[in-house]
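K.L.:
Right, I'll just put the structure down here and ask away after.
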């Protein structure tokens, strides 16, 4: 019998997945768990994925964290844990080691930018709020395929900004922008900053909407 090496006591085990399921593949598709849409969309069904991490004697077991975090945060986080150093190149990830240590009051990541394709900003999230910007996507809201054959997807679009409370409405069914114009205006500051730093090919689609009062619906 081989002696125990106890390697698991000093090993970080991470389980996560690729972006969302291909819902149009029917019985060969995965599940978004009730979240809206699936892979290749900026709705939560296309972006939110499981993330389970184990590090014996270091990460508290059985804890659930609802703070914002992204896969791109793993590089700076693991670098910090291992005592390494990053290059001077600017990266989008942040160190979330405080969350892993069990400090669920910390907020190392303030926002998430939902960029898609060639620099198109489809949405931003801050805390429990998500502002969805005008954009088009290929929806799964149609009859799926089966037995390995994908069903057709249909083109849909958001014409004006929409606001969702992700704590009360994780399925993004109820646009509450007319009730929370101040929150939408605050999130628009994040949108503006992202556009200045990274660009946004969706701006042309939004021509004529930027100066409308947030919360006024057609």
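Residue by residue, here is whether (1) within 22 Å of residue 107 (Cα to Cα); (2) in contact with a strand residue (DSSP E or B) (Cβ under 9 Å, 6 or more places away or on another chain); (3) in a strand (DSSP E or B) holds:
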| residue | (1), (2), (3) |
| --- | --- |
| 144 | no, no, no |
| 147 | no, no, no |
| 151 | no, no, no |
| 174 | no, yes, no |
| 188 | yes, yes, no |
| 203 | no, yes, no |
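K.L.:
Counting just the residues of the range 23-38 that are modelled with pLDDT under 95 and either assigned to a loop (DSSP other than H, G, I, E, B) or under 13 Å from the mean Cα position of the chain (by Cα) (or both), which one comes out surrounded by the fewest Cβ atoms within 10 Å (Cβ to Cβ)?
P.N.:
Step by step, filter the range 23-38, then rank; the result is 34.
K.L.:
Based on what the data block shows, is residue 9 surrounded by fewer than 15 Cβ atoms within 10 Å (Cβ to Cβ) and closer than 23 Å to residue 117 by Cα?
P.N.:
No: the conditions fail for residue 9.
K.L.:
Residues being touching a helix residue (DSSP H, G or I) at 6+ places or on another chain (Cβ under 9 Å) and free of Cβ contacts under 8 Å to residues at least 24 places away in the same chain: count how many of those fall in the range 89-102.
P.N.:
6
The values are calculated or read from the model by the stated rules, or taken from the named source; none is laboratory data. On a predicted model such as this, the values are computed, not experimentally measured, just so you know. Methodologically, a virtual Cβ is constructed for each residue, glycine included, from the backbone with ideal geometry; neighbour enumeration extends over all protein chains shown.
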